[in-house]
1. Can you give the calculated 222 nm mean residue ellipticity of the chain, where each DSSP H run of n ≥ 4 adds -39,500 (n - 2.57) and the sum is split over every residue, rounded to the nearest 500 deg cm²/dmol?
2. I need to check one value: relative contact order of the chain, counting alpha carbon pairs closer than 8 Å and at least 6 residues apart, in percent.
3. Would you mind pulling out the separation of the Cα centroids of the range 75-93 and the range 2-70, in Å?
4. What per residue convex hull volume, in Å³, comes out for the chain when only alpha-carbon positions are used?
5. So what J values fall out for the range 22-39 if you push phi through Karplus, 6.51 cos²θ - 1.76 cosθ + 1.60 with θ = phi - 60°, rounded to Hz, Gly and Pro as x?
Amino acid sequence: LKFIFGPSAVPALDLVDQRSVTRVRSPSGRTLYQVLGSSGKLYTCYSSCHFCTCPAFGFSVLQKSESLLCKHILAVYLSQAMGACQELAVSEEQLTNILLAEEEDEG
């Protein structure tokens, strides 16, 4: 993993070991992932479009194209593969509130 994903591999495995990845699902089937980062901040990841709300993703992946992904997205993919995601069922309204909270954080 370290050969392919570089410096993101070990921190991502740490997040998986700490069970920091939560799959959030609504009744309609919409899914997103929340990852409790090592700093204690909660980041939202969308595996369907390969996106994370963390600053490292914006800088290293989107702006500089230095990495394929951040440690949070890698942790999501590893948790999916290992069946190690926490599960959280929410209402459509709660999911909307999660998405709007992310928008407010960015704006």
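We did not get these values from a lab; they are worked out from the coordinates using the rules stated. For clarity, every value in this text was computed on a predicted model and none was experimentally measured.
1. -11000 deg cm²/dmol
2. 32 percent.
3. Each part's Cα centre sits 12 Å from the other's.
4. Cα convex hull per residue, to the nearest whole number: 100 Å³.
5. Along the range 22-39, the couplings run 10, 8, 9, 10, 9, x, 7, x, 5, 9, 9, 10, 10, 10, 7, x, 5, 7 Hz.
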